[in-house]
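Take a look at the structure below.
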Amino acid sequence: MTNSIDNKALYAYLLRLADSSLTMGQRLAEWCGHGPYLEEDVALTNVSLDMIGHANIFYQMAAELSDEAQTADELAFLRDAHQYRNPIITELPKGDFAFTMMKQYFMDTFNFFLYEGLSQSSHEPLALAAQKALMEVKYHLKRSETWLERLSLSTEEASKRIQKALDDLWFYTPELFETDATMNKLFQQGVIGDYGELKKKWDSHVQAHMNHCELNLPETGWVATGGLEGEHSEHLGYMLAEMQFLQRAYPNSQW
Amino acid sequence: MYSQGLTDAKGQEEPADLLAEFQAKIDREEKIEPRDWMPAAYRKTLIRQMSQHAHSEIVGQLPEGNWITRAPTLNRKMILLAKVQDEAGHGLYIYSATETLGVSRDQLTDELLTGKAKYSSIFNYPTPSWADMGAIGWLVDGAAIMNQVPLCRASYGPYARSMVRICKEESFHQRQGYEIMTVLARGSQAQKDMAQRALNRTWWPSLMMFGPSDKDSKHSEQSMKWKIKRFSNDDLRQKFIDATVPQAEHLGLTIPDPDLKWNEETGHYDHGEIDFNELFQVIKGNGPCNKERLQARINAHESGAWVREAAAVFQQLQSEKNKSEAA
């Protein structure tokens, strides 16, 4: 079964998954010690840890498929911004707590349906990894969903902030569902699910929750695109400069 | 006889019979529990010590949090995240344990942020290199374990019990720190130098973590009698040095103390004089990072105020809604 799968396409797709999780986890980690209260410090770093864990698994799978002898760490620490394949939303600066939670909610909802679909993948290692990630993402989604409710339906300041976060982030979400020729190939092979279906599920879940939270979707804005082809915002370069510093400054070292 | 110098919160002398019973219970190694009678001074001492401990865990997130986004591998990043998360968790347990003494976490947080309460001086030192993550785990957590293992037998039940779990986690932390140092010490010359510099920075401040020398320790005697403290500062410090010197030798690193040498007669390492003036300066607020650390906590607290308020208001609205639905 595995032999019939296009390894190059799978490799590229695994990087999309891994890069998305790593950049999300990296941003969340910036909250460490700076959360609004202690329980949140623990929760934010916990979600961050899960996401970096997912990234690690996907990088390892990608490294195994690679023709060159690559390691998960080399994929994370020695690729430049144009080689990263995450959607732009995951690299955006953490912003305030409302921005972080709105972004988290969008990604948690996306990951929930994504991993649910990938749990059925014809490529068994991917199915297993998705099943494991899904167990954690269920908690992430429950948490970010509840936070959105709390922030939207409580004080005026919180509802203003969460509405602003929605306005600022909404047009970064279509990019989550972009596909390319390699992904289409994987879809035909049953390795990944239908991203059109994924978008439908995401839309309906998000719409319902936005209604419940009495939040209004913005009408116009710049629609983000490019991550899949390695075209990123200005923010990713800084993130990588920080994240990759030791590997770049002390090449070929053991840590 | 136990009542000498012990007064309650209103300045009245504590009843001698209760005091005698209290001390006898401690002497029998029975735990004091939140609802038991206890002298006001015992309560006050515990609140001071436990809240300082909790604050240290919280402020202690910062020097290590400083390297999470720059950890050199995915594995190191995950380990460091988990470790710092543990520290926040320790802060939570100990705040909760302290609340059993009749103070609220809000009060304690306020005391930290206004500078009224102290936290461990060690966290006022900077972590400029990755090797500091190793040195902190190895030495700072190592020193903390020396201090905290005896606290698992502290006379106050909630404190002792929280410490049992904390010590288990600290022991992992210490090993991961030593492992970071081991990898660096076996690495390139640049990595060895990085490790040595971190050891140079951390050695003396970690010795200061045991507090002033016994002759100047103002809280020690009473705390020993109450079995909040089991060993003197100097004894614990010596135990730490004796355990750590061979570990440094194993790494091939040099402890920055020219007077450090094995003493056959005493069976301990002799060490150079500790500059306690530095410790007192740091405690007073004049350490390299005191202002930054406290400001980081103040900023987190202030910029999170609207989140806490929103959560409280939401909870209030929910419970009103539930009540009206039930009615």
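Of the helices (runs of 4 or more DSSP H) lying entirely inside the range B:223-327, those containing at least 2 residues that are within 14 Å of another protein chain (Cβ to nearest Cβ) and surrounded by fewer than 16 Cβ atoms within 10 Å (Cβ to Cβ) span B:290-303, B:305-326. Consider the range A:213-253 and keep the residues that are within 14 Å of chain B (Cβ to nearest Cβ), surrounded by 12 or more Cβ atoms within 10 Å (Cβ to Cβ) and of a type in the set (S, T, N, Q). The one that is farthest from A:Gln83 (Cα to Cα) is A:Ser253. Of all residues in the range A:83-97, those being hydrophobic (A, V, I, L, M, F, W, C), surrounded by fewer than 23 Cβ atoms within 10 Å (Cβ to Cβ) and within 14 Å of another protein chain (Cβ to nearest Cβ) number 0.
Quick check on the range A:20-40: of everything there that is facing chain B (nearest Cβ under 9 Å) and over 13 Å from A:Thr100 (Cβ atoms), which residue is surrounded by the most Cβ atoms within 10 Å (Cβ to Cβ)? Checked the range A:20-40; the qualifying residue surrounded by the most Cβ atoms within 10 Å (Cβ to Cβ) is A:Leu22. Residues that are closer than 30 Å to B:Gly187 by Cα and within 11 Å of another protein chain (Cβ to nearest Cβ) do occur in the range B:87-108. Taking the range A:168-255 and the helices (runs of 4 or more DSSP H) fully enclosed by it, the elements with 1 or more residues that are of a type outside the set (Ser, Thr, Tyr) and within 21 Å of A:Phe110 (Cβ to Cβ) are at A:181-188, A:195-212, A:235-243. Taking helices (runs of 4 or more DSSP H) as the structural unit, those lying wholly within the range A:18-120 and holding at least 1 residues that are at pLDDT 95 or above, among the polar types (S, T, N, Q) and within 26 Å of B:Glu64 (Cα to Cα) correspond to A:38-65, A:97-118. Starting from residues that are in contact with a His (Cβ under 9 Å, 6 or more places away or on another chain) and over 30 Å from A:Arg27 (Cβ atoms), keep the ones in the range B:36-87 and report whichever is surrounded by the most Cβ atoms within 10 Å (Cβ to Cβ). Among those residues, the one meeting the criterion is B:His53. Of the helices (runs of 4 or more DSSP H) lying entirely inside the range B:109-194, the ones with 2 or more residues being within 12 Å of another protein chain (Cβ to nearest Cβ) are found at B:131-135, B:157-185. Would you be able to say whether some residue in the range A:25-44 is under 19 Å from the mean Cα position of the chain (by Cα), farther than 20 Å from A:Glu136 by Cβ and small (Gly, Ala, Ser)? No, there is no match, as no residue in the range A:25-44 is under 19 Å from the mean Cα position of the chain (by Cα), farther than 20 Å from A:Glu136 by Cβ and small (Gly, Ala, Ser). Check the range B:204-216 and report whether any residue there is at pLDDT 95 or above and surrounded by fewer than 20 Cβ atoms within 10 Å (Cβ to Cβ). Yes, the conditions are met somewhere in the range B:204-216.
Which members of the range A:108-160 meet the condition of being touching a His at 6+ places or on another chain (Cβ under 9 Å), small (Gly, Ala, Ser) and away from every other protein chain (no Cβ under 14 Å)? Result: A:Ala129, A:Ala133.
For A:Thr173, indicate whether it is β-branched (Val, Ile, Thr), crowded, with 19+ Cβ neighbours inside 10 Å and out of contact with any Ser or Thr (no Cβ under 9 Å at 6 or more places or on another chain). Yes; evaluated as a whole, the condition is true for this residue.
Considered as a group, the residues in the range A:139-167 that are of a type in the set (Asp, Glu) and either out of contact with any helix residue (DSSP H, G or I) (no Cβ under 6 Å at 6 or more places or on another chain) or not in a helix (DSSP H, G or I) (or both) include one that is surrounded by the fewest Cβ atoms within 10 Å (Cβ to Cβ), and that residue is A:Glu156. A count restricted to the range B:47-84 and to residues that are within 22 Å of A:Ala18 (Cβ to Cβ), assigned to a helix (DSSP H, G or I) and within 7 Å of chain A (Cβ to nearest Cβ) stands at 9. Here A:Asp80, A:Asp67 are screened, and the one residue that is more than 13 Å from chain B (Cβ to nearest Cβ) and over 27 Å from A:Ser119 (Cα atoms) is A:Asp80.
The values are calculated or read from the model by the stated rules, or taken from the named source; none is laboratory data. Predicted model, so just to flag it, every value in this text is computed and none were measured. A quick note on method: Cβ atoms are made from the backbone with ideal geometry, for glycine too, and the neighbour counts reach across all protein chains shown.
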